[in-house]
1. In a GNM of chain B with a 10 Å cut-off on Cα contacts, which of B:273, B:165, B:78 has the highest mean-square fluctuation?
2. Cα axis of helix B:309-321 to longest principal axis of chain B: angle in degrees, 0 to 90, nearest 10?
3. What do you get for the angle between helix B:148-160 and the principal long axis of chain B? Use alpha-carbon atoms, 0 to 90 degrees, nearest ten.
4. Say we join alpha carbon atoms closer than 10 Å with springs in a Gaussian network model of chain A; which of A:77, A:193, A:111 then has the biggest fluctuation?
5. Using every alpha carbon pair in the range B:193-321, what percent of pairs falls into each 5 Å bin from 0 up to the bin containing the largest distance?
6. Fewest to most neighbouring Cβ within 10 Å: what's the order for B:246, B:303, B:129, B:107?
7. Residue A:65 versus residue B:95, label points 7 Å from Cα toward the beta carbon: distance in nm?
8. Would you mind pulling out the separation of the Cα centroids of the range A:130-144 and the range B:25-71, in Å?
């Protein structure tokens, strides 16, 4: 029996009891935060929430062209995805990952630029909203077709391994909706075949747009699939920041230590529409009362205040700083030029001489 | 000594693996001692350990993996077992590989080899020609080599190009087409070639249909007709200038392709000539394609479905009467 990274002897590749041991004990009066990155993580969550509230208000005011997709309710999971990554890692986030993108180093101004179509943004008005990235800096730009980015991360990691890089990992996110595509199936399987240092974080937000879990899959628990793919699988309560940091942080450590690919399945409720155009009236009152429907940011804030981890003034200062950063990002992006059709370079390939001249 | 079209593809890959450490081959059954369903990678896994890798039957993930590696500086060659199966990978090719440079400014130098086209008895799912479909989408270069020499030099160029290349190699040509030796260089990609000089009619073709067209030209030559035959070599970019120059000499255009008729390469050739060289035409342009049905299994049906030299001759005669 091979001893796994955590020192337990189980080598079955999946270990659900982990979830219980990773949960923080919410005892009153504890001395410090339940995880060393708790305050950092809380800061990114706050920034993401503040940014996206502003974004939604700009959308309602008709100031954003195209859709707006927010990660309300998913910030704890997302921040835990980005916060443990370092330079040289590959991150392929999806649509509700503002907190994780920021924690991994995406400048907030790039987000504002992409939503406003600034020519100085990473997508230069050629693509919008959440389809942004800076591949050279390890942040891949997602396409809308779910599951497609998993194998792309696998390939990036193989290239790094061939180049002799050390200590890197890849992390990509998916939802329970995206887990049902053929692309996801192929991607997870090939990741395990290639034994790349990959973490896949799947967030079950209980709805694929408006379709509830019972019309999405029929297995008992999505994490059970980990074993079938040759992944190690874990579940986490995605409303609980400390648990997310523990479980996803441990998965990242295991991937870095050379363990098989890791699957973490988090449970939350999306506390907004699929996009801001969606009133999510399909989410019933009954569902809104479920434990997974709690707001991770509110829970973290309550945890901080109830345990007097920081005083009210510090919290206020954090909030003010987030608001200030958001204002600054939008005010910078708003002043920047937008693209013009007559000035655009309409060649889709880098080898300009091979650009076809069709009309 | 002679070398076949298929051996040229193998030799090109051997050279690429030898000369460029960034190159690796990724596909079903390409590795081990097997060397691919058509043996296009025979012996390469042994000669280049760890760089010719078998994959699961996962066309989507094969291309996705290649995309990720290419963005990180590698030069992957993906072998589809049959062009037909690349339909499973369409999303990765069209929506991922084809959009990356435009969206992010990062190039995506992958080469996807598609063993294409019909052979006797192969039926609906092992016979397709998909060049028109890939050419329709932006961001891709689509090559359709028709000679042993082009099979070799264009594959080497495909890997050198910083953009995604769909390399359509024709299975019918694998064993039948031979050359004395491999060239050290070929025409630039994107440039068509005049495969036969004539003055009465221009046939524009590519891949295996080039050879049917040349045979047709030979038959018509016995009647004193001089047919010019253009080999497109790559269908995207399409060398409109060479086609127009040929039509300027002959005044008549016949476009020949093995693919399905609706919206294909032949339609594109005719549209361009009609739009840019209408005044050069002495007769309405014509085309010969496969029929608009799935590709049949039985040789009697298959040979009627696929454009033959006789079908090309018949259409050319009709066009020359006008």
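None of the figures in this text is laboratory data; all of them are computed from the coordinates on show. All of these numbers come straight from a predicted model, not from anything done at the bench. No Cβ is skipped: glycine too gets one built from the backbone with ideal geometry, and neighbour counts run over all protein chains shown.
1. Highest fluctuation of the listed residues: B:273.
2. So the inclination is approximately 40 degrees.
3. Taking the Cα atoms of chain B, the angle to B:148-160 is about 50 degrees.
4. A:193
5. For the range B:193-321, the pair-distance distribution reads 2, 12, 23, 25, 20, 11, 5, 1, 0.
6. Ascending Cβ contact count within 10 Å gives the list B:303, B:107, B:246, B:129.
7. 2.3
8. When both Cα centres are located, 27 Å separates them.
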